[in-house]
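Report on the following structure.
Quick note: the coordinates plus some simple rules give every number you see, no bench work behind them. Predicted model only: the values in this text are computed from it and were never measured. No Cβ is skipped: glycine too gets one built from the backbone with ideal geometry, and neighbour counts run over all protein chains shown.
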Amino acid sequence: MLVVIGPPFSGSDDEFARLAGVTGLVPYELRTKLRAGVWGVVRALGEPASAAGLAERLRGAGFRAAVLDPAVGYDPQRRFVALQALSVEGDQCTLHLRGRDIPIPLRALLTIVRGEVQPGTRGASASSASATYRAVNPSMAELGALREQSLAPRLDAFAAADLHFGTVLWAARIDARSFRFPDLVGGPESTSDGPARQLEALCDGLARLAGVRVDRGSKLSSLLSFTGRPSIARSQTPAPASVGAGRGSAPPPADDRFDAYSRLVAEAERLTQLGRAE
């Protein structure tokens, strides 16, 4: 079980000192696990009762804490459906999916997870790869090759945002390459902006309207250490019938690590916002 804390954690010296007192971990170790404004794993514990007890002590010390089962990241019920367009009128938004429009109150929006989708399964994480290189003492040429590889553009990656709701487990995914961006209050200032910039503006505008947080920690959070294994229900899993995605419609491209991260963040938000953090 993962004991996590999240925003409004700011990473101050006082917070790390209080965390050290509650967890028994030294501040240096905690600083390697936690970042300001991002959900992070304080400890991974095998016993649910021990994890629940630590989370309770963290909440008593003033932290926003929850206990997550890592399996949530690969839950086949927490599917993603491709969002074609979005419209907002008053306190209601309408999700335009392929073959169906779904009206949802803005207050049902739980969080927005913004990141980069790299379709497919990646076996080794960056941290494990770097550990391997340290173990074999690479030459300067090998280090140079690794750096060039890391800087090379990933042509298959694209900007995305997942809209998670407090009323359903599935989430709507925006693919910036094909999404029809709306003219929202506080949304994109110019349609001449690139898709990634339009997506950033859309996320911020929608978050202001709904009063929710945009999570942009998919490259910083220690939750990533618990993602990346192949998912049983990846892109082959059809959208749930209740969503009505339409006959023959395909789910959005899947990314094992980002998908799992997005689900875990949404669950942490769900537990702490809806008062079921244990």
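Between Arg177 and Glu89, the modelled label-to-label distance comes to 3.3 nm, taking each label 7 Å out from Cα in the direction of the beta carbon.
The slack in the chain from Ser225 to Ile104, taken as 0.36 nm per residue of separation less the alpha-carbon distance, amounts to 40.2 nm. Working from label points 7 Å from Cα in the Cα-to-Cβ sense, the Ala61 to Asp193 distance is 3.9 nm. Residue-wise HN-Hα couplings along segment 108-118, as the Karplus relation 6.51 cos²θ - 1.76 cosθ + 1.60 with θ = phi - 60° gives them from phi, are 7, 5, 9, 6, 10, 10, 9, x, 10, 9, 10 Hz; Gly and Pro carry x.
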